[in-house]
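To start, the structure under review is shown below, and the notes come after it.
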Amino acid sequence: FPTRRSSDLKIWKIIEDDQPDDIGVTAKEYDYAGWQYQSGMGVGIPNHALAIKCYERSASMGYYKAMMSLAEIYHKDGNMDEYYKWLLEAALVGEIPKAFYELGELYFKGEYVNQDYEKAYKYFEIASENGAEGAKYYIALYADKGLIEPRDEKKAIVYYIGGAKEYDTRCWERLDELHVEY
């Protein structure tokens, strides 16, 4: 069983006993405690409810990584309302590229939200500009298929190549179909 640090014990006591935070735990410390509860590292066995509680405290302090952790948890749980809420928070407050990418996918596919190619594209642009994996594929797809603007194969190829350099197999496959060497 892992050795417990005294600072962890204080945080765990606050969380487990639902006590007020009188020791000034930082958002980053709550986030770390959330990870510990989620993974079971240092706490023995995973505790889903306490992980959420830690992440929520961290997120309420403006810690964007905790917002993304909450989004991921709720997505796995199938709670789309909470997933969307925390994903949006992570994108708007934390400007997390992955959050913009996932919002883009929701709007592109019309999952949980009404399908909206223009809104999806805006999210994919932000995600792509900030290095989110997979975003270049969607920008290329828009240009390739002419989804909101006239088809632009040159632009599509540029983005497919960019995605291929990031090891996105969807981009490799499309470049092969277009007979483009990269």
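Take Asp81 and decide whether it is in contact with a Ser or Thr (Cβ under 6 Å, 6 or more places away or on another chain) and either free of Cβ contacts under 8 Å to residues at least 40 places away in the same chain or not polar (S, T, N, Q) (or both). No; evaluated as a whole, the condition is false for this residue. Assess whether Tyr84 counts as being among the aromatic types (Phe, Trp, Tyr) and at pLDDT 95 or above. Criteria met by Tyr84. Residues that are within 20 Å of Asn79 (Cα to Cα) and within 19 Å of the chain's Cα centre (by Cα) within the stretch 18-38 comprise Gly34, Trp35, Gln38, listed in sequence order. Please verify whether the stretch 167-182 includes one or more residues that are at pLDDT 95 or above and either among the small types (Gly, Ala, Ser) or under 17 Å from Leu88 (Cβ atoms) (or both). Looking for residues that are at pLDDT 95 or above and either among the small types (Gly, Ala, Ser) or under 17 Å from Leu88 (Cβ atoms) (or both), one finds none in the stretch 167-182, hence no. The condition of being farther than 30 Å from Ile139 by Cβ, among the β-branched types (Val, Ile, Thr) and either touching a His at 6+ places or on another chain (Cβ under 6 Å) or open to solvent by 80 Å² or more (accessible area, probe 1.4 Å) (or both) holds for only one of Ile15, Ile23, Ile11, that being Ile23.
Of all residues assigned to the stretch 82-95, at least one qualifies as being surrounded by fewer than 19 Cβ atoms within 10 Å (Cβ to Cβ), farther than 26 Å from Tyr137 by Cα and more than 11 Å from the chain's Cα centre (by Cα). For the residues Lys98, Lys154, the requirement of being within 30 Å of Ala51 (Cα to Cα), of a type in the set (Lys, Arg) and open to solvent by 50 Å² or more (accessible area, probe 1.4 Å) singles out Lys98.
Cβ-Cβ distances below 7 Å connect the following pairs, each with a first residue in the stretch 46-70 that is closer than 20 Å to Lys98 by Cα and of a type in the set (A, V, I, L, M, F, W, C), a second residue that is open to solvent by 40 Å² or more (accessible area, probe 1.4 Å) and part of a loop (DSSP other than H, G, I, E, B), and a separation of six or more residues or different chains: Met67/Val93. For the residues Glu133, Glu72, the requirement of being at negative phi, under 16 Å from the mean Cα position of the chain (by Cα), at pLDDT 95 or above and surrounded by fewer than 23 Cβ atoms within 10 Å (Cβ to Cβ) singles out Glu72.
In the stretch 111-123, the residues that are without any contact (Cβ under 8 Å) to a residue 60 or more places away in the chain and closer than 12 Å to Leu147 by Cα never reach a residue that is open to solvent by less than 80 Å² (accessible area, probe 1.4 Å) and of a type in the set (S, T, N, Q) with C-beta atoms less than 6 angstrom apart, at least six apart or across chains. Of all residues in the stretch 157-173, those being buried (at least 22 other Cβ atoms within 10 Å of the Cβ) and hydrophobic (A, V, I, L, M, F, W, C) number 2. Say whether the condition of being within 24 Å of Val113 (Cβ to Cβ) and either assigned to a helix (DSSP H, G or I) or hydroxyl-bearing (Ser, Thr, Tyr) (or both) is met by at least one residue in the stretch 39-53. Yes, some residue in the stretch 39-53 is within 24 Å of Val113 (Cβ to Cβ) and either assigned to a helix (DSSP H, G or I) or hydroxyl-bearing (Ser, Thr, Tyr) (or both).
The values are calculated or read from the model by the stated rules, or taken from the named source; none is laboratory data. Computed from a predicted structure; not experimentally measured. Ideal geometry is used to build each Cβ from the backbone, glycine not excepted, and the neighbour counts take in all protein chains shown. To get the accessible areas, we keep the full protein, side chains included, count just its heavy atoms, and leave off ligands, DNA and RNA. Shrake-Rupley method; radii C 1.70, N 1.55, O 1.52, S 1.80 Å.
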